[in-house]
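All remarks here apply to the structure that follows.
Nothing in this text is a laboratory measurement; each read-out follows from the coordinates by a stated rule. Remember, predicted model here, so these are calculated numbers, not experimental data. For neighbour counting, all protein chains shown are included, and Cβ atoms are generated from backbone atoms with ideal geometry for every residue, glycine included.
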Ligand SMILES: [Zn+2]
């Protein structure tokens, strides 16, 4: 990034205005919520005041890219110099890499590094086309092992692998590499014949979950896990982390349970205002974060608070994302925007929002949200689904909870793929009502069609309110997330409207009224 005189002025006036509240990281052992920012030495070098802006805004950890798509665009000596400066101010500096290469440009800059080096074997898709990134062959793991060793030698203690560390190019795709080497290895390992290969490709296209597609997904997951473990073992003193893409799971080679105990960034997707503004954009984002949190302890979990392209997500929407992190009890916010910084003026809104999020998080940290609406993401969704969750129930103002296995009560909202398993009786659970949006028509007992729109969900809400005993809920029919923490008699409300709204929480015989700014959240003591 070139030095920009206007940016200098923006930063200086921000620093002078006192807009940044700068809550200094208190004793890090008592810190509940930490804030990470990903930036690079080129941006820091060309914007000298950016350093003060970061330090004064309450950022605790700065992550710097070292190895991108197979290249080292930023000298390690430069990163170490900045590490020294930040550490003097109490800000930690760690490393992240783009280990396998992103498919297409997702860095926003440095076009010369978009494709992986010529000596890296290309992945081959199901149609036989070659592509760069998101595929694994032994030489690539070897190269990444040398990277973690370099990171350890240079005095860093944490390393995050960006979300190209997956074996499917996009969310909702059943991945794996279809090159000749991988084909031969797969057929030999599982005892299949050449004719089975053709059938496998058809089953993947049809998203059929059978024993052969299961074997393929297992084969792909084994490769990614094996690469991760080889890297971690090479330098155990560096804690390795995986950034998972939106709803990333087994179909992309990510067997989430294999990363237990590692740093994990949950997957989000709403990187610009176009995606984040609809209520459904917000609930999809929250849905994915809640799903991934099943596989990572709160302290090891990081958010994907990403703006991309860097200037396309407003400060308000970025601040709204902080509430997703709080509700999912993710203790580390990770702000990213590719290689370009998001507008410096964002910080005047972000810094106070970070302070508020941290104080709210302190109250609800470690609590389990409970409620009659159930968040469930089943095996078919993870293995062969299209990553389109039924998420809008989260905006109904009825409390919800996350379930690993189908609940025995309440209303469980299912993706189309999981609901097909209910119809075929592969997925059963007495006591809960499986809500589906597949299409209206005859539904067996224990199943119910509800279209995924707010009108139909509010109609369902009206119908079930008389059945709720000892459970708080929001009376109004306005989009709001209601997270209920019964042990501390507290509710967190996230207003999903752009405008200021008032909400009434009814609990037993009492009504609690609260006014919440657009996209903001508040805690209500019951
Ligand atoms: Zn291959």
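By the helix-only formula, in which each DSSP H run with n ≥ 4 contributes -39500 (n - 2.57) and the sum is divided by residues, the chain has a 222 nm mean residue ellipticity of -10500 deg cm²/dmol.
Our summary gives the chain a relative contact order of 12 percent, counting only alpha carbon pairs under 8 angstrom and 6 or more residues apart. Relative protection proxy for 448-455, 154-161, from highest mean packing down: 154-161, 448-455 (other beta-carbon atoms within 10 angstrom).
Each of residue 514 and residue 210 was given a label point 7 Å from its Cα along the Cα-to-Cβ line. The distance between the two points is 5.2 nm. DSSP beta bridges fully contained in the stretch 373-525 are about 60 percent antiparallel. For residue 477 and residue 359, the FRET efficiency from 1/(1 + (r/R0)^6), where r spans their Cβ atoms and R0 equals 25 Å, is about 0.25.
Sorted on the mean count of surrounding Cβ atoms within 10 Å across their residues, most packed first, peptides 510-516, 167-173 read 167-173, 510-516. Of the peptides 114-124, 381-391, the order by per-residue mean of other Cβ atoms within 10 Å, starting with the highest, comes out as 381-391, 114-124.
Estimate the FRET efficiency between residue 426 and residue 188 by the formula 1/(1 + (r/R0)^6), using the beta-carbon distance for r and 41 Å for R0, to the nearest 0.05. My answer for the efficiency is 0.85. Remark: the residue 368-residue 312 segment gains 16.8 nm on full extension, using 0.36 nm per residue and subtracting the alpha carbon distance.
The length gained by stretching the chain between residue 497 and residue 201 to full extension, at 0.36 nm per residue less their Cα-Cα distance, is 102.1 nm. Using a Debye calculation, one point per C-alpha and no hydration shell, please list log10 I(q)/I(0) for the stretch 244-371 at q = 0.17, 0.20, 0.21 Å⁻¹ in order. Rounded to two decimals, the profile gives -0.88, -1.18, -1.28. All C-alpha pair distances within the chain, sorted into 20 Å bins from zero, spread as 22, 53, 24, 1 percent across the bins. Here the ratio of the Cα radius of gyration of the stretch 373-525 to 2.2 N^0.38 Å is 1.07.
Give me the percent of DSSP beta bridges within the chain that run antiparallel, rounded to the nearest 5. Before the final figure, lay out each step's value.
Values: 23 of 66 bridges.
Once the DSSP bridges in the chain are tallied, antiparallel ones form about 35 percent.
Short-range pairs are left out: with C-alpha atoms under 8 Å and at least six residues apart, the relative contact order of the stretch 373-525 is 20 percent.
Between residue 345 and residue 386, the FRET efficiency from the beta-carbon distance, with R0 = 45 Å, is close to 0.75. Note on residue 504 and residue 233: the model spin-label points, each 7 Å out from Cα along the C-beta direction, lie 6.3 nm apart. Extending 7 Å from the Cα toward the beta-carbon at both residue 12 and residue 89 defines two label points whose distance is 1.7 nm.
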